């Protein structure tokens, strides 16, 4: 189902093709894909290999050629060698009726590299304990994917102009506050 003059593939961290249906970073090339960044050779070298643009998206391609996106690679938490996709964890948290907003991110951990953390905003008038939210997550997902840390926020989480959470800013504010 690809467009004419367009190719897509999923690759591992070394740039090797992954088997059909397996998760990897989506790389694309074709006449409609950028060839490089103007006056930015370092950015071009970092983002394009042999004409393949590294999209930064994690996904899979099925046997029919359909592309399924899972998350942004930079939003993935690497917990003890296991890949945890923030979008997957967020979708589980959002299933709880008390949740207004959530933003999942990696928290540095000496033993595992990263742990899963979540900033939570409850709907007005709702109450929810960390344990209740953890139990909700564990009923739906594997234990290693469930957040170890929850931060309940009083205000709505900051977003950019297109409505996406400012994950890096949220993470930095929370972790700076945790160190204080």
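Here is a check on your reading of the model: is residue 81 on the phi > 0 side of the Ramachandran plot and either in the same structural domain as residue 142 (by TED's automatic domain parsing) or touching a residue at least 60 places away in the same chain (Cβ under 8 Å) (or both)?
Yes.
Taken over the range 131-156, the residue count meeting the criterion of being closer than 15 Å to residue 90 by Cα and part of a helix (DSSP H, G or I) is 11.
Candidates in the range 4-34 are the residues that are modelled with pLDDT under 95 and out of contact with any strand residue (DSSP E or B) (no Cβ under 7 Å at 6 or more places or on another chain); of these, the one that is nearest to residue 70 (Cα to Cα) is 13.
Residues that are exposed (fewer than 12 other Cβ atoms within 10 Å of the Cβ) and within 26 Å of residue 70 (Cβ to Cβ) within the range 35-44 are absent altogether.
Kindly indicate which of 65, 56 is on the phi > 0 side of the Ramachandran plot and in contact with a strand residue (DSSP E or B) (Cβ under 7 Å, 6 or more places away or on another chain). Exactly one of 65, 56 is on the phi > 0 side of the Ramachandran plot and in contact with a strand residue (DSSP E or B) (Cβ under 7 Å, 6 or more places away or on another chain), namely 56.
Scanning the range 9-29 for residues that are outside any loop (DSSP other than H, G, I, E, B) and farther than 25 Å from residue 85 by Cβ turns up nothing. No other residue among 117, 56 is within 18 Å of the chain's Cα centre (by Cα) and over 23 Å from residue 135 (Cβ atoms) apart from 56.
The values are calculated or read from the model by the stated rules, or taken from the named source; none is laboratory data. Since this is a predicted model, take the numbers as computed values, not measurements. Ideal geometry is used to build each Cβ from the backbone, glycine not excepted, and the neighbour counts take in all protein chains shown.
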